[in-house]
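Below: one structure, written as structure tokens.
Computed from the coordinates by the stated procedures, all read-outs in this text should not be read as laboratory data. Remember, predicted model here, so these are calculated numbers, not experimental data. As a convention, Cβ positions derive from the backbone with ideal geometry for all residues, glycine included, and neighbour counts pool all protein chains shown.
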Amino acid sequence: MATEPSPQRAYRAACPNCGAPVEFRSAASAFAVCSFCKSTVVREGDALRKIGESAEVFDDFSPLQLGAAGTYQGAAFTLVGRLQYRYSDGTWNEWHVLFDSGKSGWLSEDNGRYVIAFDAPLAAPAPAAGSLRAGAPVQVEGQAWSVASITSATLLAAQGELPRRPNGAGSFVVADLRNTRGEVGTLDYSERDAPGWSIGRSVALSELALTGLADATEKTLKGKTVECPSCGTALEIKLATTQSIVCTQCHAVVDVSKGVGGALQHYAQANGSEPQIPLGSTGTLALGKAVLPWQVVGYAERCEVDQGEGDEQTFWREYLLYHRTEGFAFLVDAQDGWSWTAPLTGVPSGSGQVVSYQGATYRKLYDYTGMVTYVLGEFYWQVTRNQRTFNSDYQGTGSAGAKRLNREQTGDGATQEVVWSGGETLSAETVLKAFRLAPDKSAALQRDALPTSLNGASLLAKIFFWAFVVIVVLMLFRCSRGGRSSNCDEVRSTFGAASSEYQNCLNSNRSGGGYYGGTGGSFGGFSSGGGHK
């Protein structure tokens, strides 16, 4: 409960369906879902009328729950309602926030983090849902925004007290917008005649001083268990946001985004290399804020595909890091060094070769297509076979030379998304100390060392270097097999086997590519696929 009693007069009446008490804390709330029979009821004066039923909420083990309380910018609030949505890659939640002043807002999930937002009126017509494209500029209420994501969603379930009637009739479009002021705008087209509009900002749970949370410690340690549909091994899901998990026995990638109780989709993957930072390890790092403990919960190997003729192919590894109240970040191990990155709420200003963000100027280094070749652990997005992203890397200029930006675009059609992420470079020594790795791993972590730079007496360092080269060759074999050939199959299905497009693709495949190039893939964190779509 909030720290101060609400000045609003509470209203309680019996559910017209089952007789259980239904309470309204706010005069602004006209709808509620009975906690006993799940009937959706509307308040009409001093009476309640049943207008529908809500499905059971899918237990995603979120640390948030009805009745949890906190403060935002000095104002106390309580979580009084919940809407749970489903989209093609999983589910996300929006929590109805009631402040002690009577003001109403929303606490929503956003790419492994959170956004607190408030409904706002639309004086001018909103852009049509069909006119929106991810990454394109758009004007709403006279302000400039960039379209971050377009998602076809359905209302899965509702709980508690709500400011408007939950619309469970079919699918609708939800579009997230971002601007250079660090704001998130959401256009909700569930009411087709008048889209809803809200504006918010990113917030960490630690900033909200929340109390009354679900027993996250027990659920994080014990988790929930499902059976691998490939080999039958028990899989323990530890994170509330997990959409995909990799079997520890057969390494099949299991999609748990549609619910643990139902049939689980999965796919087999070829063996990859062991992470140099073991899953479950905790490292103490300052990732843009205070020094915090970050746990490795996921690992991915990726490569560049569709590079130009004569370009050498790039590969890199990413470690998904998790902190209970700060969310997710990525530790990137590329051939030109280590860096960290995390999703941004806003977008840089400018376009093309030069952009600006938070007072720093960045220059574009390269554009490239990345593909996932191997994963381990848990992920807050749905991992699919040969998953591709379209990326651009940017490097800071002048005194901001250590800063990095990455723009990543995924999807098409009904689901599109552009995610900006930012971070900085790290030294191998920082990574080694943060995760308390054995000293003999130091040589294997170095990415700028050439064979001739190794001390002749350092036999162990040479062994690590050549072991790394072997791993690289194996990674690129998977990239070549899974990336280029499948890409030509797509070209053939689109243009035909006799087309010049298909023949050019085949010729590109035959030309091959080096294993130690540098045209992209250094700063990207595969961050697409969160929530708050």
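Below is a table of values for the structure above.
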| item | result |
| --- | --- |
| For Val418, Val138, order by how many other beta-carbon atoms lie within 10 Å, fewest first | Val138, Val418 |
| Potential lengthening between Ser349 and Arg181 on full extension [0.36 nm per residue; Cα-Cα distance subtracted] | 59.5 nm |
| Rounded, prolate or oblate (a/c below 1.5 giving rounded, otherwise prolate when a/b exceeds b/c) for segment 121-172 by Cα gyration tensor | prolate |
| Packing-based order for 358-366, 87-95, using average beta carbon neighbours within 10 Å, highest first | 87-95, 358-366 |
| Rounded Å value of the spacing that divides the Cα centres of segment 412-426 and segment 156-185 | 21 |
| Likely footprinting exposure, Thr410, Thr225, Thr325, fewest C-beta neighbours within 10 Å first | Thr225, Thr325, Thr410 |
| Hypothetical label at Arg133: residues of segment 156-187 whose amide nitrogen lies under 20 Å (7 Å Cα-Cβ projection) | 173-179, 187 |
| Modelled FRET efficiency - R0 60 Å, Ala268 with Glu141, Cβ distances, 0.05 increments | 0.75 |
